[in-house]
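Q: First, the structure itself, so that you have it in front of you.
The values are calculated or read from the model by the stated rules, or taken from the named source; none is laboratory data. Worth saying up front: this structure is predicted, and the values here are computed from it rather than measured. We place every Cβ from the backbone using ideal geometry, glycine too, and count neighbours over all the protein chains shown. Just so you know, the surface numbers come from the protein's heavy atoms only, side chains and all, with ligands and any DNA or RNA stripped out. Shrake-Rupley method; radii C 1.70, N 1.55, O 1.52, S 1.80 Å.
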Amino acid sequence: MALDLAIVGGTGLYQFPGLDNVTRREIDTPYGATSAPVVCGEIGGRAVAFLARHGEGHSVPPHRVNYRANVWALHSLGARRVIGVNAVGGIRDDMGPRVVAIPDQVIDYTHGRFTSFCDADGAEVRHIDFSEPYTATLRRELLAAAATAGVAVVDGGCYGATQGPRLETRAEIARLRRDGCDLVGMTGMPEAALARELDLDYACIALIANWAAGCGDEAEISLEEIFANLREATAAVPKIIAALLAR
Ligand code: HPA
C-alpha cells in the first residue's frame with residue numbers, strides 16, 4: 001500500500017496513538033541508523049509511517065539526531081508528505097504554553113549538524129529554493145484539518161531553530177525576538193531542508209511547551225511544567241492527523 005503520510009514525533013510523542021496493523025521497520029540508510037525503527041500502520045485505512053525523532057525512549061538529543069537517516073528512510077518507504085511534530089518555546093504574545101501553531105517561516109541558528117544530502121562525498125550539489133520552508137499546500141491542509149477537528153491552532157509564525165540541548169538565555173531569546181522569531185525549538189532544522197532536498201512535502205505542528213526564556217512571568221523554566229504542557233498540547237496531534245487523512 002502506498003504511504004499516505006509520514007509523521008516525525010518530537011519530545012513527548014514517542015508512539016502514535018490510533019495506529020492499527022503495525023509493523024516495525026529497521027531501515028538501513030547510507031547515512032547510518034534512524035533514531036528508532038519506523039512504525040508503519042494504518043489510521044482509518046490510510047497508510048502512515050511514524051518515527052520517533054529522539055528515539056522511543058528519548059535517548060537522542062536534538063543536536064545528535066540523525067536527520068539525514070530519518071528523512072531518507074521515510075522517503076525510501078514511499079512517503080511523499082511528512083509532518084514534523086516539534087515541542088517549542090513561545091516568544092510571541094499569542095504563543096503561550098499549550099498553544100498549537102503551524103509555523104510558516106524558519107531561521108536556523110544550529111551548527112555542526114549535517115544539513116544537506118550534498119554533505120556526502122560525490123553527491124550532486126543542489127541549491128533548493130527555501131523561500132517558503134514549509135510546503136504551502138500541506139500547511140493549508142493541516143489548517144483545514146485542524147478546523148474540521150475543532151482544534152484551535154495559530155496560523156503562521158517564525159520558528160527559530162537553536163542548537164540545544166540546553167534551553168536559551170534571556171539574551172538569546174531577546175535576539176531571536178528582534179530577528180522576528182515567534183517560536184523557538186531545537187529540532188526544526190535541518191529536517192525541513194532535508195525534506196525539501198528530497199522533494200517531500202513537509203509541514204510542522206509546533207506544540208508550545210513553555211514561555212521561552214524571559215517571555216513569561218517566571219524566573220526559571222521548569223521541566224515538569226514543560227512535560228505537563230506538552231502532554232496537553234500533544235492530544236491535539238492525532239485529532240489533526242485523523243482529519244487530515246480523512247480529507
Ligand atoms: N527552547 C528551545 N526548545 C524548546 C523550548 C525552549 O524554550 N521548549 C521546548 N523546546
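Q: For residues in the range 192-245 being of a type in the set (Val, Ile, Thr) and assigned to a helix (DSSP H, G or I), which is farthest from the ligand (Cβ to nearest atom)? Talk me through it step by step, then tell me what you get.
A: From the range 192-245, those of a type in the set (Val, Ile, Thr) are 205, 208, 221, 226, 234, 237, 240-241; that's our starting set.
Next, only the ones that are assigned to a helix (DSSP H, G or I) stay: 226, 234, 237, 240-241.
Numbers: 226: 6, 234: 12, 237: 15, 240: 19, 241: 21 Å.
That would be 241.
Residues checked against (1) within 16 Å of the ligand (Cβ to nearest atom); (2) more than 24 Å from residue 52 (Cβ to Cβ):
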{"position": "63", "(1), (2)": "yes, no"}
{"position": "80", "(1), (2)": "no, no"}
{"position": "83", "(1), (2)": "no, no"}
{"position": "88", "(1), (2)": "yes, no"}
{"position": "104", "(1), (2)": "no, yes"}
{"position": "126", "(1), (2)": "no, yes"}
{"position": "131", "(1), (2)": "no, yes"}
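Q: Name the pairs: first residue in the range 136-156 and within 17 Å of residue 88 (Cβ to Cβ), second residue outside any helix (DSSP H, G or I) and polar (S, T, N, Q), Cβ to Cβ under 9 Å, at least 6 apart or on different chains?
A: 156/105
Q: Sticking with this one: Within the set of pairs 6+ apart or on separate chains, which have a first residue in the range 6-19 that is in contact (Cβ under 8 Å) with a residue 60 or more places away in the chain, a second that is basic (Lys, Arg) and in a loop (DSSP other than H, G, I, E, B), and C-beta atoms under 7 Å apart?
A: Matching pairs, first to second residue: 8/53; 9/53; 10/53.
Q: Same structure, new question: Being under 19 Å from residue 96 (Cβ atoms), away from the ligand (no atom under 16 Å from the Cβ) and part of a loop (DSSP other than H, G, I, E, B) is the filter here; which residues of the range 133-171 pass it?
A: Answer for the range 133-171, where residues must be under 19 Å from residue 96 (Cβ atoms), away from the ligand (no atom under 16 Å from the Cβ) and part of a loop (DSSP other than H, G, I, E, B): 151, 152, 153, 156.
Q: Any residue in the range 54-83 that's among the aromatic types (Phe, Trp, Tyr): show its pairings with residues that are assigned to a loop (DSSP other than H, G, I, E, B) and open to solvent by less than 40 Å² (accessible area, probe 1.4 Å) at Cβ separation under 7 Å, as long as the two are six or more apart or on different chains.
A: Filtered contacts from the range 54-83: 67/113; 67/190.
Q: Can you run down the residue pairs with Cβ atoms below 6 Å, 6 or more apart or on separate chains, where the first is in the range 193-215 and crowded, with 21+ Cβ neighbours inside 10 Å and the partner is assigned to a helix (DSSP H, G or I) and of a type in the set (Gly, Ala, Ser)?
A: 202/192; 202/195; 207/233
Q: Which residue is farthest from the chain's Cα centre (by Cα), if the candidates are limited to the range 172-191 and must be among the small types (Gly, Ala, Ser) and within 14 Å of the ligand (Cβ to nearest atom)?
A: If we filter the range 172-191 for residues that are among the small types (Gly, Ala, Ser), which is where we start, we get 174, 180, 185, 188.
If we keep only those that are within 14 Å of the ligand (Cβ to nearest atom) too, we end up with 174, 185, 188.
Details: 174: 23, 185: 9, 188: 6 Å.
If we take residues in the range 172-191 being among the small types (Gly, Ala, Ser) and within 14 Å of the ligand (Cβ to nearest atom), then 174 is farthest from the chain's Cα centre (by Cα).
Q: Taking the range 71-98, which residues are small (Gly, Ala, Ser), under 12 Å from residue 6 (Cβ atoms) and assigned to a strand (DSSP E or B)? Let's see the steps before the verdict.
A: Initial filter on the range 71-98 (small (Gly, Ala, Ser)): 73, 76, 78-79, 84, 87, 89-90, 96.
Narrowing further to those that are under 12 Å from residue 6 (Cβ atoms): 73, 76, 78-79, 84.
Listed by number, the list holds a single entry, 84.
Q: Could you check the range 93-127 and list, in sequence order, the residues that are within 18 Å of residue 230 (Cα to Cα), charged (D, E, K, R) and surrounded by 17 or more Cβ atoms within 10 Å (Cβ to Cβ)? It would help to see each step written out before you state the result.
A: If we filter the range 93-127 for residues that are within 18 Å of residue 230 (Cα to Cα), which is where we start, we get 94-103.
Pick out the ones that are also charged (D, E, K, R) and you get 94, 98.
The one that is within 18 Å of residue 230 (Cα to Cα), charged (D, E, K, R) and surrounded by 17 or more Cβ atoms within 10 Å (Cβ to Cβ): 98.
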